[in-house]
Amino acid sequence: MTRADDISIVIPTYGREAVLVDTLRALMAQPVRAADIIVVDQTPQHEPQTVQSLQRWSASGELRHVFFAPPSIPRAMNLGLLLARTPYVLFLDDDIVPAPAMVASLAQVLNSLDARTTCVAGQVLQPGEAVIPRSSWRHSWFPFNSAEPAMIDDVMAGNLCVHRESAIHIGGFDENFRGAALRFESEFARRVRASGATIEYRPEVSMHHLRAERGGTRAKGTQLTTWRPHHSVGKYYFAFLGGLWQAFQAVLVYPLRSIRTHHHLAAPWWIPATLLAELLGMGWAAWLRLKGPRHVDLRDPVALGNLQ
């Protein structure tokens, strides 16, 4: 029987201060707590108040605080997999408000799963969103604010529970996803499904995502006003991994789609910069694809140095 003691919470964080502290405080206030909270920190320098909170909780054993650089979302999650000592790992964003009994709900869900289900995707309520019936959704992608359980093919990494050994067995998360690492969780989900395992969405494992303005992927700026490829490289790399036809479609469609926005209609002088970002991301992704995937490293020096 799976209990909360069989779950570790891993929180990758970058550039977050008070909202990170609030997130951790809310998780430590859960009536049923996980066995461990691991904060995988990529922030070069925190504000004094954040440092004090992290040091106090680390010293008291409330959490484990690990730092590495340069920032990488997939590597942070791989480190969490390696550092966890429990059968299950719950990945959470660093700017959330968890449901009051989130961990207890997850433990109950894990006891009800089919043997082939190695991933549970929880409910993610974005700012302004409410819980909706699945039938009211009119887009092709799955609504992670749905009220109904479902078997799904994609995940959101901000509220994702994985069976640790199964995730490591398929390679963890591909660290070739750089910059904002767009689509890295979709690529992970694709490998989960290819392994014969299934992914289940369960709305009772719920949280509100605050989408804090500072830190996280927003530290890379917005893709609408930059020539840098940090927001485009991931989507091209994901497409290139999918085969020639998917790569061909991406090269043809993505550049045009990137400038078909209200922003570019109102500010057309940003079109050249956006197209440059797309071309640079395309080239970067092609180079990464030629190198081959970079999966979890069981000998990662940061993980080895923090294992006890």
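Can you tell me which of 261, 198, 86 moves the most in a GNM of the chain? Springs connect C-alpha atoms under 10 Å apart.
261
What residues qualify as long-range amide H neighbours of residue 175, i.e. H under 5 Å apart, gap of 5 or more or another chain, H built at 1.01 Å from N?
294, 295
Between residue 198 and residues 5 or more places away or on another chain, which pairs have amide H atoms under 5 Å apart, with H built 1.01 Å from N, and which residues are they?
Placed amide hydrogens put 117, 118, 119 under 5 Å from residue 198.
Among DSSP beta bridges lying fully in the chain, give the percent that are antiparallel, nearest 5. The partial results should precede the final answer.
Details: 14 of 37 bridges.
Antiparallel: roughly 40 percent of the beta bridges in the chain.
What longest range of the chain stays clear of loop-exposed chymotrypsin sites (Phe, Trp or Tyr not before Pro) (DSSP non-H/G/I/E/B, at most 13 other C-beta within 10 angstrom)?
On the way: sites that count: 137, 141.
Segment 142-308 is the longest.
What order do you get for 259, 96, 271 when you list them from fewest to most C-beta neighbours inside 10 Å? All intermediate terms of the calculation are to be shown ahead of the outcome.
Numbers: 259 18, 96 24, 271 15.
With the sparsest Cβ surroundings first, the list reads 271, 259, 96.
Enumerate by residue number the trypsin sites (Lys or Arg not before Pro) in region 29-118 meeting two conditions: DSSP loop (anything except H, G, I, E, B), and at most 16 other Cβ atoms within 10 Å of the site's Cβ.
Values: sites: 33, 56, 64, 75, 85, 116; in loops: 33, 85, 116.
When the trypsin sites (Lys or Arg not before Pro) of region 29-118 are filtered for loop state and at most 16 Cβ neighbours within 10 Å, 85, 116 remain.
Report ³J(HN,Hα) in whole Hz for each residue of region 4-10, in order, from the Karplus equation J = 6.51 cos²θ - 1.76 cosθ + 1.60 where θ = phi - 60°; Gly and Pro get x.
4, 5, 8, 10, 10, 9, 10
Rounded to two decimals, what is the ratio between the C-alpha radius of gyration of region 216-291 and 2.2 N^0.38 Å?
Values: Rg = 12.4 Å, N = 76, 2.2 N^0.38 = 11.4 Å.
Here the answer is 1.09, to two decimals.
For the chain, what relative contact order do you get, as a whole percent, if you take Cα pairs closer than 8 Å and at least 6 residues apart? Before the final figure, lay out each step's value.
Details: 571 pairs, mean separation 62.7, N = 308.
Here the relative contact order equals 20 percent.
Using a Gaussian network for the chain with springs between C-alpha atoms less than 10 Å apart, which of these wobbles most: 126, 49, 108?
49
Just one of (1) 96, 40, 31; (2) 83, 47, 33; (3) 52, 45, 40 is Cα extents along the principal axes in Å as worked out from the coordinates here. Which one is it?
The listed entry that was calculated here is (3).
Please work out the ratio of the alpha-carbon Rg of region 78-134 to 2.2 N^0.38 Å and round it to two decimals.
Numbers: Rg = 13.4 Å, N = 57, 2.2 N^0.38 = 10.2 Å.
Taking N as the residue count of region 78-134, the ratio is 1.31.
Could you please rank 77, 1, 156, 28, placing first whichever residue has the fewest other Cβ atoms within 10 Å of its Cβ? Can you show the working numbers first?
Details: 77 26, 1 6, 156 19, 28 14.
Ranked by crowding around the Cβ, least crowded first: 1, 28, 156, 77.
May I ask for the percentage of alpha-carbon pairs in region 1-155 that lie more than 23 Å from each other?
Value for region 1-155: 42 percent of Cα pairs lie more than 23 Å apart.
Give me a comma-separated list of calculated 3J(HN,Hα) values for region 162-177, in order, Karplus coefficients 6.51, -1.76, 1.60 applied at θ = phi - 60°, integers in Hz, x for any Gly or Pro.
Ordered by residue, 3J(HN,Hα) equals 10, 6, 4, 5, 5, 5, 5, 4, 8, x, x, 9, 6, 6, 6, 6 Hz.
Going by the alpha-carbon gyration tensor, a ≥ b ≥ c the square roots of its eigenvalues, is region 174-267 rounded (a/c under 1.5) or, if a/c is not under 1.5, prolate (a/b greater than b/c) versus oblate? Walk me through the intermediate numbers first.
Working: a/c = 1.98, a/b = 1.19, b/c = 1.66.
Oblate, because a/c is 1.5 or more while a/b does not exceed b/c.
Which of the GluC sites (Glu not before Pro) found in region 148-237 are loop residues per DSSP with 14 or fewer other Cβ atoms within 10 Å of their Cβ? Kindly include the intermediate steps, with their values, before the conclusion.
Values: sites: 165, 175, 185, 187, 200, 204, 213; in loops: 175, 213.
Listed in order of number, the matching sites are 213.
Express in whole angstrom the spacing between the alpha-carbon centres of region 137-173 and region 89-123.
Their Cα centres are 11 Å away from one another.
Out of residues 5 or more away from residue 123 or on other chains, whose amide H comes under 5 Å of its own, with H placed 1.01 Å from N in the peptide plane?
Amide H neighbours of residue 123: 202, 205, 206, 207.
Can you give the helix-only mean residue ellipticity at 222 nm for the chain, where every DSSP H stretch with n ≥ 4 adds -39500 (n - 2.57) and the sum goes over all residues, rounded to the nearest 500 deg cm²/dmol?
-11500 deg cm²/dmol
If r is the Cβ-Cβ distance from residue 5 to residue 141 and R0 is 51 Å, what FRET efficiency results, to the nearest 0.05? Let's see the in-between values first.
Numbers: r = 35 Å, r/R0 = 0.68.
Computed FRET efficiency for residue 5 and residue 141: 0.90.
Output ³J(HN,Hα) for region 123-139: one whole-Hz value per residue in order, computed from phi by the Karplus curve 6.51 cos²θ - 1.76 cosθ + 1.60 with θ = phi - 60°, and x for Gly and Pro.
For region 123-139, the Karplus curve yields 6, 10, 9, 7, x, x, 8, 10, 5, 10, x, 4, 5, 7, 7, 10, 9 Hz.
From Cα pairs below 8 angstrom and at least 6 apart in sequence, can you work out the relative contact order of region 103-202, rounded to a whole percent? Spell out each step's value before the answer.
Details: 122 pairs, mean separation 40.4, N = 100.
Relative contact order for region 103-202 comes out at 40 percent.
Using 7 Å Cα-to-Cβ label points, what is the residue 307/residue 129 separation (nm, one decimal)?
Spacing of the two 7 Å Cα→Cβ label points: 3.6 nm.
Roughly what would the spin-label model give for residue 256 and residue 28, points 7 Å off Cα along C-beta, in nm?
It works out to 5.4 nm between the two label points.
Any read-out appearing in this document is the output of simple, stated calculations on the displayed coordinates, not a laboratory observation. Because the structure is predicted, anything quoted here is derived from the model rather than measured. No Cβ is skipped: glycine too gets one built from the backbone with ideal geometry, and neighbour counts run over all protein chains shown.
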